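What follows is a single structure, written as structure tokens, with notes after it.
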Amino acid sequence: MKIAVCVKQVVTRDWPLRINDSHTWVDDRDASFEMNEPDAYALEEALRLKEQHGGEVVVCSAGPPRVNQVIREALARGADRAIHVEAESLASADGAMVAEALAAPMEEEQFDLVLTGLQSDDQGFAQTGVVLAEFLSIPHATIIMEVQVGAGRVRVKRELEGGWFQWVSMSTPALLTIQSGINQLRYATLKGIMAAKKKEVRLVEPPAELARRQEILMLSVPERTKEIRLFDGAPAEAAGKLVQALKDDARVI
């Protein structure tokens, strides 16, 4: 089985976010970076499927040269090789732009299964996986909590709202977006880190006509405001005014 795993490099969660001068993205010039958490679970699921059914795991990522950090980390955890669509313009690209950048080199590979994280820790739109499935013309399923692979088919467990789950069966090739917590993550061993240095990372240029579908007009930090309102009158009357304000103005009840 030939499995692709799409991984994204994001700013480390505990890094203090600052907005850049144009107010269109974060100022990440001195930031530390890590692998997107849902993508780490997708990678782990791919490695487990490989251990059960054989084959290879190929890491696919789109972004500037610094993305090589998470690619090497994925290779150290057990992936066999990688594809890196390298361009500075992909550093803050929207989901459709990333999906289009990845689609061409991935389509050439003819993967049996494509795994992505459910969403990214930075933008969180949960769109890259489903848009990529459209570009690859393959079926997809989202919010996956369990994967069962058979001959030419895959059966998956989807997480729904209210504690409900749904089982879906589809033919392969297929794309699945993996929910965090589906498995227990492994970490790179020293042997894996050393082996990763010799594994292939194929650099690919993005399509010439690649363009954004979305534009961030402005980012801003929420302003902290305080307001004190006094409700006079008898206790019952004041309580009624308070409840009405919580309903109509604060909208918390």
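Data table
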item: Cβ pairs under 8 Å, 6+ apart, first in the range 117-146 and in the same structural domain as residue 178 (by TED's automatic domain parsing) and within 18 Å of residue 59 (Cβ to Cβ), second of a type in the set (S, T, N, Q) and assigned to a strand (DSSP E or B); result: 117/177; 118/142; 118/177; 128/116; 129/116; 129/142; 129/177; 132/116
item: Of all residues making up the range 21-40, the number that are more than 23 Å from residue 179 (Cβ to Cβ), of a type outside the set (Ser, Thr, Tyr) and not in a strand (DSSP E or B); result: 8
item: Condition met for residue 114 (under 19 Å from the mean Cα position of the chain (by Cα) and either more than 18 Å from residue 41 (Cα to Cα) or part of a strand (DSSP E or B) (or both)); result: yes
item: Conditions (1) closer than 23 Å to residue 106 by Cα; (2) within 22 Å of the chain's Cα centre (by Cα); (3) of a type outside the set (A, V, I, L, M, F, W, C); number of the one not met by residue 197; result: (2)
item: Residue selected from the range 117-140 under the condition of a type in the set (Ser, Thr, Tyr) and within 17 Å of the chain's Cα centre (by Cα), by the criterion surrounded by the most Cβ atoms within 10 Å (Cβ to Cβ); result: 128
item: The range 67-109, residues that are modelled with pLDDT of 95 or more and in a loop (DSSP other than H, G, I, E, B); result: 78, 79, 80
item: Members of the range 1-20 found to be touching a residue at least 40 places away in the same chain (Cβ under 8 Å) and either closer than 26 Å to residue 84 by Cα or not in a strand (DSSP E or B) (or both), listed by number; result: 1, 2, 3, 4, 5, 6, 7, 8, 9, 10, 11, 13
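Conditions tested, residue by residue: (1) buried (at least 22 other Cβ atoms within 10 Å of the Cβ); (2) outside the structural domain of residue 115 (by TED's automatic domain parsing); (3) under 21 Å from residue 176 (Cβ atoms).
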| position | (1), (2), (3) |
| --- | --- |
| 42 | yes, no, yes |
| 50 | no, no, yes |
| 55 | no, no, yes |
| 62 | yes, no, yes |
| 71 | yes, no, yes |
| 76 | no, no, no |
| 83 | yes, no, yes |
| 90 | no, no, no |
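The values are calculated or read from the model by the stated rules, or taken from the named source; none is laboratory data. Predicted model, so just to flag it, every value in this text is computed and none were measured. Methodologically, a virtual Cβ is constructed for each residue, glycine included, from the backbone with ideal geometry; neighbour enumeration extends over all protein chains shown.
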